[in-house]
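Engineer: Sharing a structure, written as structure tokens. Questions coming.
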Amino acid sequence: METMSKISNLKLPTALFILIPGIALSSGYQTITPEMLYATIKEGNPLWLVDVRGQSSFEQGHIEGAINISPIALAVKNLPKQKTLVLIDDSLGQREAREAADILVKKGHTRVNIMSHGMYAWEAEGYPVAAETKKRGVRNVMPHDLKWTLENSIPVTIFDMRGAAEFNKGSVQGAAPVEGKDIYERIKKLNEMIQKQERKDLYKRLEKGKPILLIFSASDDAQAFTEKLVGKGIDIRYLHGGYEAWVSLDGKRIKKSIGDCPVCPLKEQKK
């Protein structure tokens with residue numbers, strides 16, 4: 001914090017404060033693209049980079065000079081209100097960064113920004129990353145984060161990696177099934193689809209920063225399968241706990257997906 005205290009006030013160009021199309025932001029804070037943030041840092045303009053991710057994620061890779069402060073901690077810390085703050089996140093839709101931004105705005109900060117698309121986008125551009133650990137694992141998404149993402153219409157491409165029979169019983173809103181007789185064939189087909197789309201420059205520009213989320217069954221090794229698909233410049237994540245964890249968020253979803261199953265625990269509880 002001693003280094004940060006030496007930073008002088010920054011008057012950023014208006015062009016840095018842009019809105020991401022299709023994403024509504026609360027009044028009081030803006031977004032800044034990784035490209036603009038990198039250019040600003042390279043020019044020597046002073047900023048406070050606040051990484052709101054967990055300590056483990058921060059140690060696996062962060063922007064040099066960033067400080068690691070959770071949204072909860074920001075609620076009690078007193079940061080200088082005259083400073084320009086850029087919040088760094090990696091959650092789906094930058095949920096944690098948005099929560100942190102709301103906290104800061106309510107505390108009177110007027111120069112709050114969120115880096116669009118999070119650390120993934122920064123790394124995808126090939127910008128330097130400081131790391132305390134060597135290996136970064138594939139990213140996962142918690143069910144409640146997915147629910148928030150869908151409720152707020154955050155752009156995300158969802159592929160259901162389960163079999164057709166399971167998919168037809170119930171699926172996540174907007175999820176597309178991947179054909180194949182087993183999980184290995186479905187992984188292979190999805191990989192071919194991704195590689196085909198990667199060769200289309202127009203597609204890459206239109207979909208830049210839009211994450212891909214995979215839905216597996218709870219019994220599948222989601223992390224191992226997702227690692228087979230991870231490639232440079234592609235943000236691929238998996239739903240933690242699989243589809244079963246998703247339906248457990250809401251009893252109504254469970255009932256809808258299981259139909260009239262006579263041995264389901266939910267139905268037994270209602271008797």
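Engineer: A124 passes all but one of (1) of a type in the set (G, A, S); (2) surrounded by 16 or more Cβ atoms within 10 Å (Cβ to Cβ); (3) more than 18 Å from D235 (Cα to Cα); which number fails?
Structural biologist: (3)
Engineer: What do you reckon, is K256 modelled with pLDDT of 70 or more and open to solvent by 90 Å² or more (accessible area, probe 1.4 Å)?
Structural biologist: Here the answer is no, as K256 does not meet what is asked.
Engineer: Oh, and also: Any chance region 49-59 includes a residue that's without any contact (Cβ under 8 Å) to a residue 24 or more places away in the chain and over 15 Å from M119 (Cβ atoms)?
Structural biologist: Checked against the condition, which is being without any contact (Cβ under 8 Å) to a residue 24 or more places away in the chain and over 15 Å from M119 (Cβ atoms), region 49-59 yields no hits at all.
Engineer: Working only within region 53-84, note down all residues that are polar (S, T, N, Q) and part of a loop (DSSP other than H, G, I, E, B).
Structural biologist: Hits for region 53-84 are S70, N78, Q82, T84.
Engineer: Follow-up question, since we're still on this one. Looking at region 69-118, which of its residues are under 27 Å from R237 (Cβ atoms) and charged (D, E, K, R)?
Structural biologist: Selection gives D89, D90, R95, E96, R98, E99, D102.
Engineer: Do the conditions hold for Y120, that is, is it aromatic (F, W, Y) and not in a helix (DSSP H, G or I)?
Structural biologist: no
Engineer: Using beta carbons and a limit of 6 Å, which pairs, at least six apart or on different chains, have the first residue in region 94-117 and at positive phi and the second one modelled with pLDDT under 95 and open to solvent by 10 Å² or more (accessible area, probe 1.4 Å)?
Structural biologist: Listed by first residue and then by second, the contacts come to G108/K81; H117/G209.
Engineer: Only one residue in T84, T110 is of a type in the set (S, T, Y) and surrounded by fewer than 19 Cβ atoms within 10 Å (Cβ to Cβ). Which one?
Structural biologist: T110
Engineer: While we're looking at this one, here's another question. Would you confirm whether or not region 98-106 contains a residue that is open to solvent by less than 20 Å² (accessible area, probe 1.4 Å), in contact with a Phe, Trp or Tyr (Cβ under 9 Å, 6 or more places away or on another chain) and in a helix (DSSP H, G or I)?
Structural biologist: Yes - at least one qualifying residue is present in region 98-106.
Engineer: Confirm whether L266 is assigned to a loop (DSSP other than H, G, I, E, B), among the aliphatic types (A, V, I, L, M) and modelled with pLDDT under 90.
Structural biologist: So L266 fails the test.
Engineer: Are there any pairs with C-beta distances below 6 angstrom linking a residue in region 29-46 that is assigned to a loop (DSSP other than H, G, I, E, B) to a residue that is open to solvent by 60 Å² or more (accessible area, probe 1.4 Å), with the two at least 6 apart or on different chains, and if so which?
Structural biologist: Cβ pairs passing all conditions: P46/S8.
The values are calculated or read from the model by the stated rules, or taken from the named source; none is laboratory data. Computed from a predicted model, the values in this text were never measured in an experiment. So basically every Cβ, Gly included, is an ideal-geometry build from the backbone, and we count neighbours across all protein chains shown. All accessible areas refer to the heavy atoms of the entire protein, side chains included, with ligands and DNA or RNA removed. Shrake-Rupley method; radii C 1.70, N 1.55, O 1.52, S 1.80 Å.
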